[in-house]
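*Asks:* Structure provided below as structure tokens; questions to follow.
The values are calculated or read from the model by the stated rules, or taken from the named source; none is laboratory data. These numbers were taken from a predicted model, which means no experiment stands behind them. A quick note on method: Cβ atoms are made from the backbone with ideal geometry, for glycine too, and the neighbour counts reach across all protein chains shown. When the accessible area is computed, the model is the full protein with side chains, heavy atoms only, and any ligands, DNA or RNA have been set aside. Shrake-Rupley method; radii C 1.70, N 1.55, O 1.52, S 1.80 Å.
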Amino acid sequence: MMQEELISKKDLLLETGISYGQLYRWKRQHLIPDSWFIKKSSFTGQETFFPKEKILARIQAILEMKDAHSLDELAAMFTPTSVDRNFVLMDVSEAIGLRSSLVEVCIKVWEKYRFSFLELLMIDLLAELDAKLKLTEEEVEGWLLSAKRWTSELSGADRQILVCRKKDVMLYFMLDVPARFSLDQGSQLLAAYDLSERSKDLQMKLQNIVEG
Amino acid sequence: MEHMRTGDAKISGSGTIAGGFYRDVSISGSGKIDGDINALEVNVSGSAYFRGNVASESVQVSGSGKFGGHIDTGMCKFSGSGQVDGHLHARSLSTSGSLSCREGVRAEEVRISGSLATSGDVEAETFRTSGGFRIEGLLNASNIEVNMHGRCYVREIGGDRVEVRIAPLNVFWQMIVRVLNLVGIGSKLGLKSEVIEATDVKVEWTESRVVRGQRVWIGPGCDIELVEYTETAYVDENARVREVRQISR
């Protein structure tokens, strides 16, 4: 894994001008993922550090949007599980860019028409994978079956998805972040996705349909 | 989902309920619930063991309740003993008995007048206690009000406003603490924590390595290694603070 530049909590507060109260409230509302709070030992015991670039961008985004949106709306933008709305797949498939044949497979595998945000996140990823890797029918089904299982267990988007290929077999993995992994001999990493980043994007896409 | 709630499940005496959708689940006596249940109301007066997860509008336990899974509910009230192996998410949580929760606790409002123990985090808007607690993770709440009646431990506190004091009406406990403070170990009986960080911090009888905040008030009986503040800081003469540092913008 790449070494990221870190910023201490104290410096973060100084740099951004936010208070402890705000920082902890945003953490509580999952505007800032738990995995960004990195504990490290220092001379005063343990200190909390953050990935500098990510946290500064995130706080900037929160500060800019907090006047126009409620904190709950913001939370919905950054985390998927707080969105308890259901979406009819046919209505949103265009925004996601999902082929109509894939829409049918999704409905068949899940045996329903309405999908939660988290499920949609997986379907959105399917559309991306399909466009990028030209999945076969079997691979699509494999993905959807894994996605179905994952979404039933998943409670946050603080995850990473890996797509690998070994010979002719497609493999899908879901990892907690930050995760360190190395692949076995002969496996090839095709793509890696950060779910919390993608959920923000998906939120934007869905917002457009609602408003437009 | 409403149409799936076929009826009530009631045990008076002893019995077993299968998991599923119910309107009301009430147990007076002793009961075992075998699977995940989804109900409007769950009431226990006696003892009950929920093997699976519980989702409902309200959960009330007066007696003893053991939960093998998670609880997701609106109002949650324990006035006896409760043990939760999973997480406990509620709109409001109040306990006047003893409650232990293996994973985290999340609620808008937490009120403890008994004891709470968890090896996870506690997240709330308001966290009010007049009892004791042991939180191995982070206590994260906007408003934290601790009235100590006994020993309190929390690894880390973060929030907007933190106020820790010894329960004013508990004269007996106050006396013990004051006497022990004369020999210099008063803080051993108060709140013990590693880090306290909040916009406003007001603590007494607290032992902590670090206290950080905009406005910090360190009262009598505290034993703190490092205080960092940005705006104001007060340290009582009966407090032991090794270092006070102002952090300037």
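*Asks:* Which of the residues that make up region B:188-210 are away from chain A (no Cβ under 11 Å) and not acidic (D, E)?
*Replies:* B:K188, B:L189, B:G190, B:L191, B:K192, B:S193, B:K202, B:V203, B:W205, B:T206
*Asks:* When region A:187-201 is examined, which residues are found to be open to solvent by 50 Å² or more (accessible area, probe 1.4 Å) and either over 30 Å from A:V92 (Cβ atoms) or of a type in the set (S, T, Y) (or both)?
*Replies:* Of everything in region A:187-201, just one residue is open to solvent by 50 Å² or more (accessible area, probe 1.4 Å) and either over 30 Å from A:V92 (Cβ atoms) or of a type in the set (S, T, Y) (or both), namely A:Q188.
*Asks:* So if I check each of A:L120, A:L145, which one is exposed (fewer than 14 other Cβ atoms within 10 Å of the Cβ), part of a helix (DSSP H, G or I) and either modelled with pLDDT of 85 or more or acidic (D, E) (or both)?
*Replies:* Unique residue meeting the criteria: A:L145.
*Asks:* For region B:63-87, how many residues meet the condition of being more than 18 Å from the chain's Cα centre (by Cα), surrounded by fewer than 18 Cβ atoms within 10 Å (Cβ to Cβ) and either in a strand (DSSP E or B) or on the phi > 0 side of the Ramachandran plot (or both)?
*Replies:* Final tally of qualifying residues: 0.
*Asks:* So, in region A:155-178, of the ones that are part of a loop (DSSP other than H, G, I, E, B) and farther than 21 Å from A:D124 by Cβ, which residue ends up modelled with the highest pLDDT?
*Replies:* For region A:155-178, the residue satisfying everything is A:K167.
*Asks:* Take the residues in region B:142-165 that are in a strand (DSSP E or B) and in contact with a helix residue (DSSP H, G or I) (Cβ under 8 Å, 6 or more places away or on another chain), then tell me which one is most open to solvent (accessible area, probe 1.4 Å).
*Replies:* B:R161
*Asks:* Can we say B:E103 is open to solvent by 40 Å² or more (accessible area, probe 1.4 Å) and touching a residue at least 24 places away in the same chain (Cβ under 8 Å)?
*Replies:* yes
*Asks:* Between A:K66, A:K27, A:K40, A:K52, which is within 17 Å of B:I196 (Cα to Cα) and either open to solvent by 40 Å² or more (accessible area, probe 1.4 Å) or of a type in the set (S, T, N, Q) (or both)?
*Replies:* None of the other options fit; the residue is A:K40.
*Asks:* One residue is enough: does region A:40-60 have a residue meeting the conditions outside the structural domain of A:D158 (by TED's automatic domain parsing) and in contact (Cβ under 8 Å) with a residue 60 or more places away in the chain?
*Replies:* no
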